[in-house]
1. Those residues that are open to solvent by 50 Å² or more (accessible area, probe 1.4 Å) and either in a strand (DSSP E or B) or closer than 15 Å to Arg231 by Cα (or both), I need them from the range 110-120; list them, please.
2. Only residues that are at pLDDT 95 or above and either among the acidic types (Asp, Glu) or loosely packed, with under 11 Cβ neighbours inside 10 Å (or both): list them for the range 143-160, please.
3. Any residue in the range 144-163 that is out of contact with any Phe, Trp or Tyr (no Cβ under 9 Å at 6 or more places or on another chain) and over 23 Å from Lys55 (Cα atoms)?
4. Just for the range 185-211: of the residues that are among the charged types (D, E, K, R) and modelled with pLDDT of 90 or more, which one is nearest to the chain's Cα centre (by Cα)?
5. When both residues are 6+ apart or on different chains and their Cβ atoms are under 9 Å apart, which pairs have a first residue that lies in the range 61-86 and is in contact (Cβ under 8 Å) with a residue 60 or more places away in the chain and more than 30 Å from Asn227 (Cβ to Cβ), and a second that is open to solvent by 40 Å² or more (accessible area, probe 1.4 Å) and not basic (Lys, Arg)?
6. Pull up the range 193-215, narrow it to residues that are acidic (Asp, Glu) and touching a residue at least 12 places away in the same chain (Cβ under 8 Å), then point me to the one that is surrounded by the fewest Cβ atoms within 10 Å (Cβ to Cβ).
7. Looking only at the range 216-234, filter to residues that are assigned to a loop (DSSP other than H, G, I, E, B) and under 24 Å from Gly91 (Cα atoms); which one of those is most open to solvent (accessible area, probe 1.4 Å)?
8. Could you tell me which residue of the range 127-142 is surrounded by the most Cβ atoms within 10 Å (Cβ to Cβ), considering only residues that are of a type in the set (A, V, I, L, M, F, W, C) and assigned to a strand (DSSP E or B)?
Amino acid sequence: MRRARFSLLLSALYLVVHITASAQVPVTAHKSTEPKPVMIRSSLDPEAGAYVGQKVRLYIEVMTNTWFAKAPQYPELRIPHAICLELSQFGTNYTERIQGETYAIQRKEYVIYPQRAERYAVPSLAVDIVYARPGESAGEMTLSTAPLEFEARIPEQAQGVDFFVSTPRLQIHELSDRVFEDMKVGDSVTRTITMTADDSVGMMLPPLVFDRIEGLAVYPKIPRTENTSNRGEYTGTR
């Protein structure tokens with residue numbers, strides 16, 4: 001029974017990896033016919049939806065046809081039934097030609113991990129911008145993103161399982177503090193099991209369940225979870 005359930009989990013993981021790898025960052029087109037001094041746009045990746053526990057990126061891009069006099073101020077993102085994180089306190093800066101003008105752009109990235117199979121509403125977010133106006137004092141403006149939506153669902157291969165993890169790579173390591181030889185009644189063994197998942201966070205990894213074994217007592221410690229980030233990619237450990 002345990003082998004069958006684990007095989008089902010691996011099949012679900014493969015599908016999640018396939019969709020994540022093929023996702024493209026959408027670009028929002030501007031309908032205005034005249035350049036504006038400051039603008040904002042937002043998008044989701046993947047745009048069509050995701051699996052429960054799969055990483056969804058929210059991009060917010062603010063732009064000016066001069067330059068930013070101060071760093072844009074972004075709000076905290078909160079969505080019910082989802083884990084929302086900021087990959088970095090700082091945005092990514094670049095330039096882009098829009099309607100014949102060069103805009104300085106800063107991209108802010110959030111990561112959303114949906115926890116339930118349902119439709120999620122990403123709220124409108126207000127960003128405070130201070131931009132240069134040559135020959136005048138700096139201009140200040142608050143721009144708001146358009147609200148977005150996406151749907152999170154459970155993979156068909158994971159229907160009915162107790163727990164599954166949406167990740168391109170899951171590793172499990174085990175370590176014991178002694179060899180299982182010449183043991184006598186009253187001896188103890190400390191067993192440490194570490195789960196690591198890419199594109200995930202530690203709190204989303206499943207708790208361990210120990211089957212009852214006659215003659216043995218198990219005293220589990222409180223699990224420790226950790227999150228690490230390397231070049232914008234999260235790794236969760238439990």
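1. Arg119
2. Matches in the range 143-160: Glu149, Glu151.
3. yes
4. Selected residue: Asp199.
5. Thr64/Pro37; Thr66/Pro37; Thr66/Pro134; Ala69/Ala138; Ala69/Glu140
6. That would be Asp198.
7. Residue satisfying both the conditions and the ranking: Arg231.
8. Ile129
The values are calculated or read from the model by the stated rules, or taken from the named source; none is laboratory data. Quick caveat, the model's predicted, so the values are computed rather than measured. Using ideal geometry, Cβ is built from the backbone for each residue, glycine included, and neighbour counts are taken over all protein chains shown. Just so you know, the surface numbers come from the protein's heavy atoms only, side chains and all, with ligands and any DNA or RNA stripped out. Shrake-Rupley method; radii C 1.70, N 1.55, O 1.52, S 1.80 Å.
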